[in-house]
1. Which of the listed residues, Ala234, Leu9, Ser128, is farthest toward the dipole's positive end in the chain, when Lys, Arg count +1 and Asp, Glu count -1 at the beta-carbon?
2. Across 10 Å bins from 0, what is the distribution of all Cα-Cα pair distances for segment 254-362, in whole percents?
3. Can you give me the relative contact order of segment 66-203 as a percent, contacts being Cα pairs under 8 Å and 6 or more apart?
4. Starting from the eigenvalues of the Cα gyration tensor, five times each then square-rooted, give me the equivalent ellipsoid semi-axes of the chain, largest first, whole Å.
5. Among 157-164, 141-148, how do they line up from the highest to the lowest mean number of other beta-carbon atoms within 10 Å?
6. If packing is taken as the mean number of other Cβ atoms within 10 Å per residue, what is the order of 225-233, 295-303, 325-333, highest first?
7. Measure off 7 Å from each Cα along the Cα-to-Cβ vector at Thr70 and Leu337, then give the distance between these two points in nanometres to one decimal.
8. Excluding Val184 itself, calculate the net charge of residues whose Cβ lies under 9 Å from the Cβ of Val184, where each Lys or Arg counts +1 and each Asp or Glu counts -1.
Amino acid sequence: MLPEVAAVLGAATELLVAHIERTYGVLVRRASRVESVIRRGEHFDLRVRAPDGSRYEVRTASVVMNIGGTQTPHLLRDALREMKLVAPQEDERMLTSDRVLSEPVAALRAHFSQLMRDSQSLVVVGGSHSAFSVLERLAVELEAVGLKEIVLLHRSPIKLFFETREAAQQAGYVFDEESDVCPVSGRINRSGGLRYRAFEIGGGVLTEGVVPGTRVKVRTLPVGGGDAVAIADAQGCLNACAGVIQCIGYQPSLPELLRDDKEPVALREIQGGLDSDAAGCPCDTDGRRIEGLHLFGLGSGLAVDPKIGSEASFHGRIYGIWQFHHDASRPALERVLTKAAWHEQLAHSQTLHRYRLGRGRR
Ligand SMILES: Cc1cc2nc3c(=O)[nH]c(=O)nc-3n(C[C@H](O)[C@H](O)[C@H](O)COP(=O)(O)OP(=O)(O)OC[C@H]3O[C@@H](n4cnc5c(N)ncnc54)[C@H](O)[C@@H]3O)c2cc1C
């Protein structure tokens, strides 16, 4: 059960942190909040709030900051606007996948019963894992309070993941050799395909048009191609539905990023996250890469690294924990170490220079 998993993970974390501190001498400052990151030439100053409320600064050559993401209604409104669709005006009809997935059953039913007084249909926006987790939760928990249909508005085609070509062929799944197969691993839709439970729900939705185990119908409606008929259909669904659920990813929840002159630095975003390279270094809105700052958590994502592989049809960002634990974080690590070595060398030559100057004066 998840509460037990949480307790085990909590205990495992304590062991891991103790091991890292003991073995590598890393100073771990816990319960501290990074409030701002100021870029000063070749290094960064971090302003941090300690658990007792006091503040201190840390100067560093590189920052690796994976601090999660947020879902905001304006992200959904913007995404719909890009697809020439208008979101419902009322904020209470717009819900996030986080809320739908985490709200206790009683509260979820009470909330949606209110919303579904005049309409028994909902719209889910998105076509990836969150969307299919949300479809299942809505159908399983809300069928009893009248939910009849969910319309899934998605931009890119819905794809399924398979370990091998043979597994896909056995399942009768049609894939494109050029665009859907990872050249490194031979996997099908390695980055963008539905896996695990989302695979089962997605399979049921694509073949039967219902959420498996329920009678709740799901209509998938592609709206990424700009087809006028599909857009009009989707707009009708948005207008008539009881609520719209946002499953289009996250925005990075970053602390304040500032330049030396205290001006804020805005980061450029692309589909699915920040416009970062394979080491997680983002670009500012003028397209300048910020070397030394590495962000690749939820909402930021990593660019596909050709050495690790992906399918050509995938244009999003990589978020999977497996990737972080394996080679995906290596480019970031290598750059951090190179920069650290360079700073060490610089500090050494400066010390040498001061020493020689001192001798000269004597
Ligand atoms: C519903 C859902 C299901 C998922 N399922 C899977 C899955 O099955 N497999 C998989 O591989 N991935 C999955 N993911 C993706 C995975 O959870 C994320 O990619 C991963 O958690 C991102 O790590 P992160 O460290 O960026 O963010 P988080 O895990 O959110 O951690 C962020 C941490 O940063 C801290 N923090 C925030 N702000 C500050 C600050 N200013 N200063 C200091 N600390 C701060 C927070 O307290 C938190 O501890 C899922 C994601 C979601 C939302």
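No value in this document is a laboratory result; all are computed from the given coordinates. These numbers come from a predicted model, not from an experiment. Every residue, glycine among them, receives a Cβ derived from its backbone with ideal geometry; neighbour counts consider all protein chains shown.
1. Of the candidates, Leu9 comes out farthest on the positive side.
2. The calculated distribution, bin by bin, is 13, 34, 26, 14, 8, 4, 0.
3. 21 percent
4. Calculated on Cα positions only, the semi-axes equal 44, 24, 21 Å.
5. Listed from highest to lowest mean packing, they are 157-164, 141-148.
6. With the highest mean Cβ count within 10 Å placed first, the list reads 295-303, 325-333, 225-233.
7. 3.6 nm
8. +3
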